[in-house]
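Worksheet for the structure shown next.
What follows is calculated from the coordinates using simple rules that are stated; it is not laboratory data. Source: prediction; values computed, not measured. For neighbour counting, all protein chains shown are included, and Cβ atoms are generated from backbone atoms with ideal geometry for every residue, glycine included.
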Amino acid sequence: MGLALPVVWSDHHRLHEPGGEIWVGVHTAGTELPARADAIRAELAAAGAHFVDTEPQTDDALHAVHDPELTGYLARAYEDWEAAGLPNDPGQDRVVPYLFPDPSLFSGFPPTTATSPSARAGQFAYDTMTLIGPGTWEAARAAIDTAVTAAALASRDGGLAYALTRPPGHHATRSAFGGSCYLNNSAAAAARLRRDTGGRVAVIDIDAHHGNGTQAIFWEDPEVLTGSVHVDPGAGWFPHFLGFASETGREGSNRNLPLAPGTGDEAWLAAVTELVAWARDQRTGGLVVALGVDAAAGDPESPLQVSANGYRAAGRALGELGLPTVVVQEGGYDLATIGSLVRETLEGLEEGMGA
Ligand code: SP5
Ligand code: ZN
């Protein structure tokens, strides 16, 4: 008994302490905490899972899904901020944007690059909630390496691997970060699966929020299908501007299934099953599950009402595809239940795959 799949893990996630988030100008405690990953790890360890250390990856894995400009910025953002003295004057010890260079400012000429670290943050950040501290880069880099390590294992063994990533990734685009995400772990796993298997790959995102970063990264690529089931952004939920059913990508390779606030197991599972059927019809040869457990009833960041049994059933449906599968951790913020929700999903996946 117990979980058979490898759980890929790096201690480096703890180096990322966002120290809260700034929402409508107010500094709040935030919910994307180091304790999240530790809670998941403890639950899976108790279920008998075995842990595999993250294998550091080359920059190729990073640049398959991100602009070198973004990664170069993130790698130095904190030290540049510190060198500019901003932690002392005005007294902000996290990187926070203040000015956003909207494209309409540039009248068609090439955008300029700001020189001061305070202005530069707004070139790459698309919200004020995703703060950078001294260990953020190292943790984000370890997370994307964790996802790619899991992808390599899944394609090698033709089975299932789980990347216990933190910080999460699915809101990060090729050239911008936001939504508590810096580097897109799920997208990097998909790129690696695609490379290793040579076939079409599907990313099915069951986080409560739309996987807008993953959608944007693969929008032009019909060989990577992206599907997301999430709370309707039109009902006032992050990422607000994206995640509508009308966004269908090149050759229909993107699908969004927005759900009304309050949606529970039945309609949520029907949507997940619809994405599974789509992946099957499109003859995908590999699967990435962007696993946010924040759609659960009781999660502070979403109004969806999915149960632990619902997550288990979703796992079973996804597992029945029988594909090399990488599960990448995204959101989930209720520390008391996050571990068991992940365990239920992974057990469902193993059941579905017939392990
Ligand atoms: C990976 C992931 O799940 N990211 C989710 C980011 C959404 N955060 C939106 C936060 C909006 C401000 N929160 C205020 C809470 C008021 N109840
Ligand atoms: Zn989420």
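Details
- At an R0 of 56 angstrom, the distance between the Cβ atoms of Asp89 and Leu335 translates into a FRET efficiency of 0.95.
- Tensor-based shape of segment 1-159 (alpha-carbon gyration tensor, a/c under 1.5 rounded, otherwise prolate or oblate): prolate
- Surrounding net charge for Ala147, when Lys and Arg each add one and Asp and Glu each subtract one, Cβ distance under 12 Å: 0
- With each label modelled as a point 7 angstrom along the Cα→C-beta vector, the Ala119-Asp11 pair spans 4.2 nm.
- Rounded to the nearest 5, the antiparallel percentage of DSSP beta bridges internal to the chain is 15%.
- Between Thr248 and Asp157, the contour length at 0.36 nm per residue exceeds the alpha carbon distance by 29.5 nm.
- Put the Cα centre of segment 304-355 next to the Cα centre of segment 166-217 and the gap is 18 Å.
- Three-way shape call for segment 199-355 based on the alpha-carbon gyration tensor, with the a/c threshold at 1.5: oblate
- Length gained when the stretch Arg283-Phe241 is fully extended (0.36 nm per residue, less Cα-Cα span): 12.1 nm
- Beta-bridge orientation, segment 1-132: approximately 50 percent antiparallel, per DSSP, counting only bridges with both partners inside.
- 3J(HN,Hα) along segment 223-238: 8, 10, 7, 10, x, 9, 10, 6, 5, 4, x, x, 8, x, 10, 3 Hz, from the Karplus curve 6.51 cos²θ - 1.76 cosθ + 1.60 with θ = phi - 60°, whole Hz, x for Gly and Pro.
- Net charge, Thr284 excluded, C-beta distance under 11 Å - Lys, Arg +1, Asp, Glu -1: +2
- Net length available on complete extension from Glu220 to Thr112 is 36.3 nm, with 0.36 nm assigned per residue and the Cα-Cα distance removed.
- Entry note, the chain: relative contact order of 18 percent, from Cα contacts under 8 Å with a spacing of 6+ residues.
- The peptide list 277-289, 192-204, 163-175, 243-255, put in order of mean Cβ contacts within 10 Å with the highest first, becomes 163-175, 192-204, 277-289, 243-255.
- Volume per residue that the Cα convex hull of the chain spans, once the total is divided by residue count, Å³: 127
- Structure-based [θ]222 nm, the chain - -39500 (n - 2.57) summed over DSSP H runs of at least 4, per residue, nearest 500: -11500 deg cm²/dmol
- Whether segment 94-179 is rounded, prolate or oblate, judged on the alpha carbon gyration tensor where a/c under 1.5 counts as rounded: prolate
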